Amino acid sequence: MSAVTRSRVESLDLLKGLVIVIMALDHTRDYFHFSAFFFDPTDPLQTNVPLFLTRFITNFCAPSFSFLAGLSAFMVGKRKTLNELSRFLLKRGLWLVFVELIIITFAWHFDLTFHQFTIQVIWVLGLSMIILAALIHLPPRLLFILSIVTIFGHNLLDGVHFEGSMLWSFIHERKPYQNIFGHAIIIGYPIIPWFAVMALGYSFGTFYDKSYDPERRKKLFNILGIAALLLFLLLRYINVYGNLMPWKNYGTLTQTIFSFFSVTKYPPSLSYLLVTLGPALLFLANSEKWKGKIVNFFTVFGRVPFFFYILHIYLIHFLALIAVQFTFGSWQKMILPLMPAKVTALKGYGFNLIIVYLVWIAVIALLYPICKKFEHYKLQNKNKWWLSYL
């Protein structure tokens, strides 16, 4: 394997590992911060700088993962025929949907009745893979154009509503449904434009072809990353298009900045995608030659991201059970048939951000050796097909 290929793979794994570790911080905050069950950490009227930044940096996770999943699909496709790749994406997509509904839903709630299903990132990654299984048969240029048009144009649908239509919610509108065959369903990740983000990542796979000059790739990604951030600033300043909620002047600089950078994630607005994918491209452009212990540390998580994702939610929720037991003497209060919601039973529970960060560091430290061993196991057992689904 050439040095260019090695650095390219490591830079992708590095970004995956970094964003999933940051994602774990957000999930730790969900279970341990005193505000988590009671107000939005991006609300300009209730948040503060450390809390806002803690939430804001986690915005980079889902777009980066979706984009990198598409890029990884292109890499896998270099070892398969187009039809073989299509079947792989279809099966993996269906598997991810199952995992979201059963394994991850239980991890979030610890509720054996499955009273609530929250449709989140693993679900939309699965559906995006199922759609990508069909889209890869399009001419590459047409696939790229479809991705760009969807990402840049989907906010035109913000004003479109179909009262009571769950189908439309799955397509483009976040909405809770309280009694669907006795279960609550919260659709947090509508498919538009997430599938286009993954398709865009697939289109970018050509830039990692061995024949593509690394310096040219670096220059291109830097230009695109900077352009994305500048366009984000322009769109937010104009305040007309690109985000479901316009920003407003609160009379104080800090609260106004909070409002300016409070970009819509559900579904991800154009502004949200520009401010997250822009830095992701800048990171990929400049990290290919990075080496050292810190890089090695994060790439461990980046090589087994799905394995880590499942484990970290169970671990964080289990630690929260212990925290509630010491706080209230009743771990049952952390069994959550409904989440996220204002949970009156947890009033008075929670810790400051210092404790949140310490718990997060402990979670990463506990899971690192497990992920390291699993990474080694995968490398030693490449012939086992089922490992490709973890």
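No lab work stands behind these numbers, since they all come straight from the coordinates. Keep in mind the model is a prediction, meaning the values are calculated, not measured. For neighbour counting, all protein chains shown are included, and Cβ atoms are generated from backbone atoms with ideal geometry for every residue, glycine included.
Take every DSSP beta bridge whose two residues both sit in the chain; close to 50 percent of them are antiparallel. The Kirkwood hydrodynamic radius of the range 313-390, based on inverse pair distances between different Cα atoms, is 15.2 Å.
When +1 charges are put on Lys and Arg Cβ atoms and -1 charges on Asp and Glu Cβ atoms, the dipole computed for the chain relative to its Cα centre reaches about 1200 debye. Taking every DSSP helix (H) stretch of at least 4 residues in the chain, weighting each as -39,500 (n - 2.57) and dividing the sum by the residue count yields a mean residue ellipticity at 222 nm of -20500 deg cm²/dmol. If R₀ is 41 angstrom, what is the calculated FRET efficiency for the pair D111 and K293, using the beta carbon separation as r and rounding to 0.05? That pair, D111 with K293, gives E of 0.50. Net charge within 14 Å of M166 by Cβ-Cβ distance, Lys/Arg positive one each and Asp/Glu negative one each, not counting M166 itself? With Lys, Arg at +1 and Asp, Glu at -1, the net is 0. Taking a sphere under 13 Å around the Cβ of F258 and counting the other residues whose Cβ falls inside, with K and R at +1 and D and E at -1, yields a net charge of +1.
Amide H contacts for A184 (H built 1.01 Å from N in the peptide plane; partners 5 or more residues away or on another chain; cut-off under 5 Å): Q116, F117. For the range 168-241, the set of trypsin sites (Lys or Arg not before Pro) satisfying both a DSSP loop assignment and a count of at most 13 other C-beta atoms within 10 Å is given as K210.
Dividing the alpha-carbon radius of gyration of the range 110-205 by the rule-of-thumb value 2.2 N^0.38 Å gives 1.23. Of the trypsin sites (Lys or Arg not before Pro) found in the range 287-369, the ones in coil according to DSSP and having at most 14 other Cβ atoms within 10 Å of their Cβ are K289, K291, K342, K347. Extension gain, Y389 to A362, is 7.0 nm, computed as 0.36 nm per intervening residue step minus the present C-alpha separation. Quick note on the chain: its Rg to Rh ratio, both from C-alpha atoms and Rh being the Kirkwood radius, is 0.95.
Other residues with beta-carbon under 14 Å from the beta-carbon of K248 carry, at +1 per Lys or Arg and -1 per Asp or Glu, a net charge of 0. For the range 106-144 versus the range 324-339, the inter-centroid distance based on Cα atoms is 30 Å.
Where the alpha-carbon atoms of the range 350-390 are placed on the principal axes, they occupy 46, 17, 8 Å, in descending order.
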